[in-house]
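Have a look at the structure below before the remarks.
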Amino acid sequence: MTVEQKIAGAKLATRASFFILLLILPLNLWVKGEPLIAYPFTLLPLIVFIPGIIAGGIRTLIWVCFVMLPFFVAAIWKVSGPEPQNLDFIELILVVILFSAATINARLRQKNNLQ
């Protein structure tokens, strides 16, 4: 597998997990009956990165990794609760995939000087 193929796969995994996570988060909030004020606080940190994810900027990928850390903590909190739901597990898996794919994508592109 060439470096370009690895980067293309990581880019696809990053975009797919990012946009699926944007769909799963509000769905999970709605299923749990959270108040409407929770939606912007949950989604705004991710919505800010939509142009950068589409463009595929390395700095955006690095910042997405930093922003994913609180989402990871929240997902672990939900999964370790008394009655975790399926959407909680899906959210955790998507956050881990997004973090990993964005890290691999940014690292491979930096290492090989591919902007």
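The values are calculated or read from the model by the stated rules, or taken from the named source; none is laboratory data. Worth saying up front: this structure is predicted, and the values here are computed from it rather than measured. Heads up: the accessible areas ignore ligands, DNA and RNA and are worked out on the full protein's heavy atoms, side chains in. Shrake-Rupley method; radii C 1.70, N 1.55, O 1.52, S 1.80 Å.
Numbers below:
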item: Pairs of lysines in the chain (C-alpha under 28 Å apart; 8 or more residues apart or interchain); result: 4
item: Rule-of-thumb Rg ratio for segment 43-98 [Cα; 2.2 N^0.38 Å; N residues]; result: 1.24
item: Over the chain, volume per residue of the alpha carbon convex hull, in Å³; result: 95
item: Gain upon complete extension [residue 72, residue 85; 0.36 nm per residue less C-alpha separation]; result: 3.1 nm
item: Relative contact order (percent, whole number), the chain, Cα cutoff 8 Å, 6+ residue spacing; result: 42
item: Mean Kyte hydropathy of 0.5 or more with a Cα span along the axis of at least 15 Å, helices from DSSP in the chain; result: 3-32, 58-79, 86-111
item: Translational diffusion coefficient (Stokes-Einstein; Kirkwood radius from C-alpha pairs) of segment 1-67 at 37 °C, 0.692 mPa s, in µm²/s; result: 249
item: Apportionment of accessible area to carbon and sulfur, segment 35-85, percent (1.4 Å); result: 79
